[in-house]
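Worksheet: one structure, shown below.
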Amino acid sequence: MARHHHSVYVIELARTVTLEPKFKRANPDYVEGRPCVYVGMTGLSPDVRFDKHKAGIQSNRFVKEYGQRLLPELYECYNPMPYRAATEMEVELAIALREQGYGVWQG
């Protein structure tokens, strides 16, 4: 039996990311004062993936420039999982956070 090793993760972004037109357009229902986050999935540990984003290795620009810290309380309960489940959970988690008023960028 294969070992599940994929994870979803959530990174808190500095709220100044809301000044980025692309981020603002992607979040028309953002509730001022709610967190801004990046939601992704990886076959690495979320800690290693965050470090790679910040180092500019296969990085999302918003995470590299605005990423502050991982928010494990929003994703740890889902991990680890198979690849297909992680790709689906990335989308579902991003939708759920947007519905709560978060500003969300999804990888």
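The values are calculated or read from the model by the stated rules, or taken from the named source; none is laboratory data. Keep in mind that what you see is a predicted model, and the values were worked out from it rather than measured. Cβ: placed from backbone, ideal geometry, glycine included. Neighbour counts: every protein chain shown.
Miscellaneous remarks
- Residue list for region 1-43, filter: over 10 Å from Gly103 (Cβ atoms), among the hydrophobic types (A, V, I, L, M, F, W, C) and under 14 Å from the mean Cα position of the chain (by Cα): Val8, Val10, Ile11, Ala14, Val39, Met41
Residue by residue, here is whether (1) surrounded by fewer than 13 Cβ atoms within 10 Å (Cβ to Cβ); (2) within 26 Å of Leu19 (Cα to Cα); (3) at pLDDT below 95 holds:
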| position | (1), (2), (3) |
| --- | --- |
| Met41 | no, yes, no |
| Ala55 | yes, yes, no |
| Val63 | no, yes, no |
| Gly67 | no, yes, no |
| Leu71 | no, yes, no |
| Pro80 | no, no, no |
| Met89 | no, no, no |
| Leu93 | no, yes, no |
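- Criterion violated by Tyr30 - all others in (1) aromatic (Phe, Trp, Tyr); (2) assigned to a loop (DSSP other than H, G, I, E, B); (3) over 22 Å from Glu73 (Cα atoms) satisfied: (3)
- Members of region 95-107 found to be polar (S, T, N, Q) and buried (at least 17 other Cβ atoms within 10 Å of the Cβ), listed by number: Gln106
- Residue check, Gly40 on the phi > 0 side of the Ramachandran plot and either part of a strand (DSSP E or B) or not polar (S, T, N, Q) (or both): no
- Evaluation of Gly107 against (1) at negative phi; (2) modelled with pLDDT of 95 or more; (3) of a type outside the set (S, T, N, Q) (one fails), failing number: (2)
- Options Ala14, Ala86, Ala55, Ala26; residue that is among the aliphatic types (A, V, I, L, M) and without any contact (Cβ under 8 Å) to a residue 40 or more places away in the chain: Ala55
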